[in-house]
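We did not get these values from a lab; they are worked out from the coordinates using the rules stated. Keep in mind the model is a prediction, meaning the values are calculated, not measured. FYI the Cβ positions are ideal-geometry reconstructions off the backbone, even for glycines, and counts take in every protein chain you see.
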Amino acid sequence: MTMRGLLDEKAAAKLLLAAAVIDFWVLYLLASLLADPLRTHVPLLRFDFSSAVIFLILLPISWVLSELILPGITIGRLALGLGMATRDGGRPSFARRSVRFLAKLSILGLSGLRWDRTAGYNRVAQLVWLSPMSNATAQPPAQWRLAFHSGAYHGRQIALGKLAGFTQSGQIRIGRDAAWANLKLPDGQISGRHCQIRIAANRIEIRDGSDGKTRSANGTFLGRKEVPPDRWVIWDGLEPLRCADVQISLRRT
């Protein structure tokens, strides 16, 4: 069996769009084949564009089959060797696939028709795509790395499993306070207890500060959005994390 590697966002988006085109053509061909016998037995379908109506009926049915009953399998994805997986390369659970399906259904799958980035419902369900065209492998969280793009650690990468207590708690505490932080950043703009990251079931969440109410002096940001101190915010790893003036990205492969 051919080994499949983890696809990056742009590559996955392009291949998923190509797979969707294949699936649409197969579905429309099936609708055309069904049109004549159905017109014979269903008077309501005796009009010129009945094939299009049958296609629109078959589309949500195919979604139920591929997203809920089958683990993300369609003819187009099989043809291109695409496979759905969790962030650590595991098989998606029914609950996770259900979350993806409901999110997809709520927007009629339209955000999946992009070539530059995978749909938001993949990120909501914390799912990735694998392909034999990629040799990047999905890794367990302990092997994920934080890459520093500014500050005292600029150019360095730190594996999460090397941080004290991470393997047991799944938590990262970032700050200058050596007694509190397991990722101590010496940069002057960083607060003593700047922010916290926690990972559970491959879901990554961030909260500013340390006590659930007090903000860090210079803030924690995901992209341009400030992370609050009173609630956990999901980090999909696509946007950089910025602690004060220190920019950090997440590497899962």
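The gain in end-to-end length when the S249 to A95 segment is fully stretched comes to 52.6 nm, 0.36 nm per residue minus the alpha carbon separation. Spin-label model, I158/W180: points 7 Å from Cα along the beta carbon direction are separated by 1.6 nm. Look at the Cα gyration tensor of segment 140-186: its axes a ≥ b ≥ c give a/c of at least 1.5 with a/b at or below b/c, and that counts as oblate. Pull out a ≥ b ≥ c, the square roots of the eigenvalues of the alpha-carbon gyration tensor of segment 141-251, then state rounded if a/c is under 1.5, prolate if not and a/b is larger than b/c, and oblate in the remaining case. Rounded, because the longest to shortest axis ratio a/c is under 1.5. Legend: calculated FRET efficiency, I107 to L65, from the Cβ-Cβ distance at R0 = 22 Å, rounded to 0.05, equals 0.70.
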